[in-house]
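Quick note: the coordinates plus some simple rules give every number you see, no bench work behind them. Keep in mind that this is a model prediction, so the values were computed, not measured. We place every Cβ from the backbone using ideal geometry, glycine too, and count neighbours over all the protein chains shown.
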């Protein structure tokens with residue numbers, strides 16, 4: 001089978017998906033290759049982009065049925081930074097996911113995170129597969145690509161389920177932890193181990209599965225379900241509920257300083273929080289500023305300026 005024919009089959013599969021049964025995700029994958037030298041055939045990256053898109057959108061990730069309007073809108077930006085003669089790439093992966101707010105067209109940032117530790121091997125048209133019972137596959141550097149993508153899918157699903165029911169995401173956080181435990185091992189692969197840094201896949205999964213941090217799941221649920229989802233029916237109550245969540249975050253941070261999960265939650269969320277409290281009464285604003293100045297120090301001046 002010629003390469004042109006193979007590309008047509010891949011593209012056709014992508015088109016057929018759009019009219020077939022919808023799964024949990026409506027994911028868009030963008031592969032950026034500007035930093036890769038001009039000697040590399042750029043068609044490889046188009047193929048990779050299409051294969052990853054099909055992998056995310058056509059796989060059944062849960063046992064539940066998602067209606068079209070319930071699908072999670074996801075953006076995965078794979079920024080390739082270098083490549084060796086052995087087709088081994090170093091890249092940064094940005095993951096952005098929105099969660100629809102009840103009775104509104106607005107989508108709250110469920111995930112807005114950049115993973116800078118992605119190393120993988122890819123040759124055009126190689127199978128893009130993932131097996132939960134054999135995470136690394138036969139070649140660690142080949143398996144690392146889909147292991148990382150599957151890991152973030154389960155993190156996304158866990159957070160989404162947590163946002164709709166108390167501790168609803170436990171099953172998917174455990175699946176993410178399973179990938180960490182059985183992650184591909186190679187001297188060039190990083191991000192899966194406790195010693196790979198303090199902000200990586202290991203620590204994110206650890207925070208979300210650690211029973212010591214069970215309060216986190218109540219915080220997620222409270223912020224989305226009793227906070228954002230109530231804004232269009234009872235703004236005053238919704239703001240009080242979000243303020244309670246900020247106070248819970250403050251208590252959590254005092255007991256567990258410098259956890260990854262707090263920064264993960266706050267990333268890209270300052271404008272949303274300002275919007276929630278912009279029209280609040282002075283007392284509520286003051287209490288929100290006080291809490292935010294302790295949990296989101298880097299944006300404390302912004303909160304004071306916007307909520308004065």
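Things to note:
- The range 216-306 shape via C-alpha gyration tensor axes, a/c threshold 1.5: oblate
- Computed over the chain: relative contact order in percent, which uses C-alpha pairs under 8 Å that are six or more apart: 12
- Per-residue ellipticity at 222 nm, computed for the chain from helices alone with -39500 (n - 2.57) per DSSP H run of at least four residues, works out to -15000 deg cm²/dmol.
- For the pair residue 129 and residue 165, a Förster radius of 30 Å applied to the C-beta separation gives a FRET efficiency near 0.45, rounded to the nearest 0.05.
- Angle in degrees between helix 43-58 and the longest Cα principal axis of the chain, rounded to the nearest 10: 60
- Placing R0 at 25 angstrom, the Cβ-Cβ distance between residue 58 and residue 38 gives a FRET efficiency of 0.15 after rounding to 0.05.
- Cα centroid separation, the range 149-195 to the range 229-300 (Å): 25
- On Cα atoms only, tilt of 170-181 relative to the major axis of the chain in degrees: 50
- Stretched out straight at 0.36 nm per residue, the stretch from residue 294 to residue 114 would grow longer than its current Cα-Cα span by 62.4 nm.
- To the nearest ten degrees, helix 282-295 and the longest principal axis of the Cα atoms of the chain are 40 degrees apart.
- If R0 is 30 Å, the Cβ-Cβ spacing of residue 138 and residue 70 corresponds to a FRET efficiency of close to 0.25.
- Residue among 83, 40, 198 with the largest mean-square fluctuation in a Gaussian network model of the chain, springs linking Cα atoms under 10 Å: 40
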